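Novice: Input: one structure, supplied below.
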Amino acid sequence: MPNWVKPVVWGAVVGSVLTMIVGFSYGGWTTSSTAARLAKQQADTAVTTALVPLCVAQSKADRAGLKSWENSRRSRLRTTNRSL
């Protein structure tokens, strides 16, 4: 084996390790698990943002319907109590 092979191999190994350290630390590289976690967070945020107005509107409509139902129930109870 020629004398120049050993320094070239070590240079390639050290260069590869340094490239990975710099890439993951400062270059924005991510692992697949980190990318999946970030995608899930973004999807959850998007769904929440989209559905909150609908849920609030439905809640208000349900309250209005419940009040109407309670009023009709009260008037039925009053009518029943008067007839006794």
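None of the figures in this text is laboratory data; all of them are computed from the coordinates on show. Note that the structure is predicted; figures quoted are calculated from it, not measured. All Cβ positions, glycine included, derive from the backbone under ideal geometry; neighbour counts span all protein chains shown.
Novice: Across the range 7-18, in residue order, what do the Karplus-derived ³J(HN,Hα) couplings come to in whole Hz, using 6.51 cos²θ - 1.76 cosθ + 1.60 with θ = phi - 60° and x for Gly and Pro?
Specialist: x, 5, 5, 5, x, 5, 5, 5, x, 5, 5, 5
Novice: A further question on this structure: Once phi is turned into θ = phi - 60°, what whole-Hz ³J(HN,Hα) does the Karplus curve with 6.51, -1.76 and 1.60 give for every residue of the range 42-55, x standing for Gly and Pro?
Specialist: With the stated coefficients, the range 42-55 comes to 5, 5, 4, 5, 5, 5, 4, 4, 6, 8, 4, x, 5, 5 Hz.
Novice: How large is ³J(HN,Hα) for each residue in the range 57-66, as worked out from phi by the Karplus curve 6.51 cos²θ - 1.76 cosθ + 1.60 (θ = phi - 60°), to whole Hz, x for Gly and Pro?
Specialist: 5, 5, 5, 5, 5, 5, 5, 5, x, 5
Novice: Next question. Sort Thr19, Thr31 so the one with the fewest other Cβ atoms within 10 Å of its own Cβ comes first.
Specialist: If I rank by nearby Cβ atoms, fewest first, I get Thr31, Thr19.
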